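Attaching a single structure in structure tokens format; questions to follow.
The values are calculated or read from the model by the stated rules, or taken from the named source; none is laboratory data. On a predicted model such as this, the values are computed, not experimentally measured, just so you know. Every residue, glycine as well, gets a Cβ built from its backbone with ideal geometry; the counts of neighbours run over all protein chains shown. Note: areas computed on protein heavy atoms with side chains; ligands, DNA, RNA excluded. Shrake-Rupley method; radii C 1.70, N 1.55, O 1.52, S 1.80 Å.
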Amino acid sequence: MWKLILRRFLIMIPQLILMTILLFALAKMMPGDPFTGRFSAHTDIHTLLRLRREAGLDDPWPTQYFRWINNIFHGNLGNSFVLQKPVATLLGQRIQNTVWLGLLSLGLVYTIGIPTAVASATHEGSFRDRFWTTYNSITGGIPAFVIYIFMLFLFGFTLNWFPTTGSVSIDANGFWPVLGSRFYHLILPALSVALFSTVSLFNTLRTSLLDARSADYVRTARAKGVSNKRVFWRHIFRNSMLPVASTFGFDLVGIFSGAVILETVFGYPGMGRLFVQSITTRDYTTMNAIMLFSGTLTLIGSMLNDIIMSWVDPRIRIK
Amino acid sequence: MAKAKKIEQSESQAHAHSFLKAAVREFKRDKIAMISFFFLVIVVFGVFIGSMFIPRDAFSNVDIMDTNLAPFTNGHILGTDDGGRDEFLLVVIAARNSLSISIPVTIVIMAVGIFLGLMSAYYGGFFDWIWMRITDYLSIVPTLMILLTLLTIINNYSIWTLVWVISLFSWIGSMRFFRALTFAERENDYVKASKLSGSSSLAIMWKQIFPNLSSQFYAQTALAFAGNIGLETGISYLGYGLPYTTPSLGTLVNKATDPEVMTQSPWMWLPASFLILALSVSLIFIGQALRRVADQRQSLA
């Protein structure tokens, strides 16, 4: 097992290096540099050139690349030259918001997805089954941002049930009111994600439940005289949850990749919204840091995925 | 040799014929898929033919006497926007622009996907290994963010630039799909028999394996098309698709970011949103019906 984790970790390193090279190339393709926005028309061009040289922007690319990597390892992601703040501090605040939103949506996806998949699989071919299967294939295919806008329009603006922007109300003071207000702001975006992204969980669980029904161990359990209910929950359901568990890593990562559009629609100050804001202001340092962060996270997620998968299914380990 | 070729040809014709027949049967049985199909055909042809009759300056023409009109006033069926432009004409133009990106993207990614998928699975070995590493790599990078970054770096682009940039990250799904199918198909006896009788690899891939995957190909195309409409309108919604003078359906939905427009004049964004939804839902129904046809044919074969 440890050998596998180590091997999987070693595979991650070249991928990470390739990704940093891509992001570095993108950063170099972007117009402007950290000094572009900082000076007015009266600034002496020679001062500008001297500052550029001192910051190492005239060095050859490889040198700059390794300096950038070195800085990242020291927790220095550079300065946002638009907001005049270290990018690390900017990100810190936003990541928290995104993580809370993501965890709540993921929790809701599981609470909606698992019961519906069980209901579908236990009544295969019934109206209930066809309804949920169709529901999932439609919701899984329609563009998310249109759904978010409809949800915001209906529950936010028309019915006034939920706040329409931000992550916390300004009036909230004290620990509990702030916590309550934060949660209240999370509900609508999280619900919008959860209602419309159960498709992969639903399909995986439904298929594996249906497959498990005819497995040998189920027949053995039945032959022993185990009650139907017990066969289902103790044998079929538990085994069918394994493929679901193994996609947990990717589900976690999906939170961050979906954040760009989700947070833009709901005006939620998380990482995705910060990304869109930094594109608008051409704040390339921040953009790059966010991309590096979510790319690294995806790598870790896919590693987690493989490890969980081989942990729950020893056959993969041997291969 | 000539005879063999003739047999091959008539076989592939029979194949196409039976697919069409099976598809027609399935669509007759599934009324929703049938309605979706006609809706899609009407929208696509209506939008492309209709936009030919719209004067080129319909978008730049600002009419300050008719701004913010509600639907069905002064002869504007869907009302007008803040510049007095007719919403209905805008939706038609926007739908045409959206489709003229998502259709080429679908064609490109399906062509690349089937080509690389077939080759990769058929040849295997190093060729397969290298392409799998490339797709692995592209699936871990934050695609949407890199796409948006690329679109800000390239500051002067046309419809075609947009098509290539979107395609650059979207072919992975279809390539993996066809690779998996080809892997299963490759093990069949007819492939081995054909190889033994001396057919070239290219002939086996394109004249024998590909026709057997063709029904899956059509189903996947419909679903990929739905996905690409979503991707393109999503990018335009964020404001990074085509320039403002060539609006996409996403650009029209973007008006809803202004809370006042969202609540007070929903006719400015609702029709475009509904059209996006209707297009993707009908494509999903079509794709599913085609997939059922493909599965039936697979079980028959």
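For chain A, what is the accessible area per residue in Å², given a 1.4 Å probe and the full set of protein chains?
Here the residues of chain A average 54 Å² of exposed surface.
Considering amide H positions built from the backbone, and no H for Pro or chain starts, which residues 5 or more places from residue A:80, or on another chain, come under 5 Å of its amide H?
A:85, A:87
By the gyration tensor of its Cα atoms, with a ≥ b ≥ c the square roots of the eigenvalues, what is the shape of chain A: rounded for a/c under 1.5, prolate for a/b over b/c, or oblate?
Oblate shape, in that a/c is at least 1.5 and b/c is the bigger or equal ratio.
For the protein assembly as shown, build the charge dipole from Cβ charges (+1 Lys, Arg; -1 Asp, Glu) around the Cα centre, then report which of A:23, B:267, B:49 sits farthest towards its positive end.
In the protein assembly as shown, that residue is A:23.
Nearest 20 debye, what's the magnitude of the dipole of the protein assembly as shown about its Cα centre given +1 on Lys and Arg Cβ and -1 on Asp and Glu Cβ?
2660 debye
Same structure, new question: Averaged over its residues, how many other protein chain Cβ atoms are within 10 Å of peptide A:265-276's Cβ atoms?
2
For a protection proxy built on the mean count of beta-carbon atoms within 10 angstrom, sort A:141-154, B:88-101, B:158-171 highest first, please.
So the order, starting with the most tightly packed, is B:88-101, A:141-154, B:158-171.
How much FRET efficiency would the formula 1/(1 + (r/R0)^6) give for residue A:207 and residue A:50, where r is the Cβ-Cβ distance and R0 is 60 Å, rounded to 0.05?
Result of the calculation: an efficiency of 0.40.
Still on this model: With θ set to phi - 60°, apply the Karplus curve 6.51 cos²θ - 1.76 cosθ + 1.60 along the stretch B:187-204 and write out the HN-Hα couplings as whole Hz, x wherever there is a Gly or Pro.
6, 5, 5, 4, 5, 5, 4, 5, 5, 5, 7, x, 5, 6, 4, 4, 5, 4
Follow-up question, since we're still on this one. Return the single residue from A:287, A:19, A:30 with maximal mean-square fluctuation; model: Gaussian network over chain A, springs between Cα atoms under 10 Å.
A:30
Keeping the other protein chains in place, figure out the carbon and sulfur percent of the accessible area of the protein assembly as shown, with a 1.4 Å probe.
67 percent
Still on this structure: Enumerate the calculated ³J(HN,Hα) couplings along the stretch A:7-18 in order (Karplus 6.51 cos²θ - 1.76 cosθ + 1.60, θ = phi - 60°), each rounded to whole Hz, writing x wherever the residue is Gly or Pro.
Here the 3J(HN,Hα) series is 5, 5, 5, 5, 4, 5, 4, x, 4, 5, 5, 4 Hz.
How large is Rg over Rh for the protein assembly as shown, taking Rg from the Cα atoms and Rh as the Kirkwood inverse mean of 1/r across Cα pairs?
In the protein assembly as shown, Rg relative to Rh is 0.98.
Return the sequence-ordered ³J(HN,Hα) values of the stretch A:89-97 in whole Hz as given by the Karplus equation 6.51 cos²θ - 1.76 cosθ + 1.60 applied to θ = phi - 60°, using x for Gly and Pro.
Result, ordered by residue: 5, 4, 5, x, 5, 6, 4, 3, 4 Hz.
May I pose another question? What average number of partner chain Cβ atoms lie no more than 10 Å from the Cβ of the residues making up B:145-157?
The shielding value for this peptide is 4.
Next up: Take peptides B:144-153, A:188-197, A:218-227 and line them up by average Cβ neighbours within 10 Å, highest first, as a rough protection proxy.
Going by the mean number of other Cβ atoms within 10 Å, highest first, we get A:188-197, B:144-153, A:218-227.
Once you average over the residues of A:146-154, how many Cβ atoms of partner chains fall within 10 Å of each Cβ?
Partner-chain Cβ atoms within 10 Å, mean over residues of A:146-154: 5.
Would you mind giving the total buried accessible surface between chains A and B, with a 1.4 Å probe and ligands, DNA and RNA left out, rounded to the nearest 100 Å²?
When A and B are taken together, about 3400 Å² of accessible area is lost.
Name the residue, out of A:207, A:164, A:264, whose mean-square fluctuation peaks in a Gaussian network model built on chain A with Cα pairs under 10 Å.
Of the options given, A:207 has the highest mean-square fluctuation.
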